[in-house]
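Note sheet for the following structure.
The values are calculated or read from the model by the stated rules, or taken from the named source; none is laboratory data. The structure presented is a predicted model; accordingly, all values stated were derived computationally and were not measured. Neighbour counts run over all protein chains shown; Cβ positions are idealised from the backbone, glycine included. For the accessible areas, the whole protein counts, side chains as well, though only heavy atoms, and no ligand, DNA or RNA atoms are used. Shrake-Rupley method; radii C 1.70, N 1.55, O 1.52, S 1.80 Å.
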Amino acid sequence: VVCADIVDYFSTPRSPSVSSPHVILLDAYDGQGRIPEHVRDERFMRSMATNLHRDGVVICNCWDGPPGSTAANELEVFKQRLVRHVGPVRVARVEQQEHNVVLIARRQREG
């Protein structure tokens, strides 16, 4: 288990003996209903997907909002980027937390 800022972790060279993560837990909101720009960034998404184990999953704690809101729009864009870079995404609503959602992206096996 590694507890680190994922952007820093993936930008720091690691020993070849360190295996790719099987699970990435990502707190993907800033407390203001926004997904931080550095987490939404295409370069970051590619880096995360490239570094993820071929059978890995990315679990993202996110914030949703009413249809048409900034939070809802950002969540949809983020979800589509996860689909594009990692694989299929499942959305799980958090009970008794009307706008809290968890996105679960599973990496597509290669070959």
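Checking each residue in segment 90-110 for being open to solvent by less than 70 Å² (accessible area, probe 1.4 Å) and assigned to a loop (DSSP other than H, G, I, E, B) picks out 94, 99, 107.
For segment 88-106, the condition holds for at least one residue, the condition being that it is basic (Lys, Arg), in contact with a strand residue (DSSP E or B) (Cβ under 8 Å, 6 or more places away or on another chain), free of Cβ contacts under 8 Å to residues at least 40 places away in the same chain and over 23 Å from residue 32 (Cβ atoms). Selection of first residues in segment 43-61 that are under 12 Å from residue 106 (Cβ atoms) and of second residues that are at pLDDT below 90 and of a type in the set (S, T, N, Q), restricted to Cβ pairs under 8 Å at least 6 apart or on distinct chains, gives the following pairs, ordered by first then second residue: 52/20; 53/19; 53/20; 54/20; 56/20. Only a single item in (1) closer than 30 Å to residue 14 by Cα; (2) open to solvent by less than 20 Å² (accessible area, probe 1.4 Å) is not met by residue 75, and it is number (1). Of the residues that make up segment 12-35, is at least one under 20 Å from residue 71 (Cα atoms), open to solvent by 40 Å² or more (accessible area, probe 1.4 Å) and basic (Lys, Arg)? Yes - at least one qualifying residue is present in segment 12-35. Evaluated against (1) touching a Ser or Thr at 6+ places or on another chain (Cβ under 8 Å); (2) under 19 Å from residue 105 (Cβ atoms), residue 84 falls short on exactly one condition, (1).
Within segment 60-70, can one find any residue that is surrounded by 12 or more Cβ atoms within 10 Å (Cβ to Cβ) and closer than 20 Å to residue 11 by Cβ? Scanning segment 60-70, I find at least one residue that is surrounded by 12 or more Cβ atoms within 10 Å (Cβ to Cβ) and closer than 20 Å to residue 11 by Cβ, so the answer is yes.
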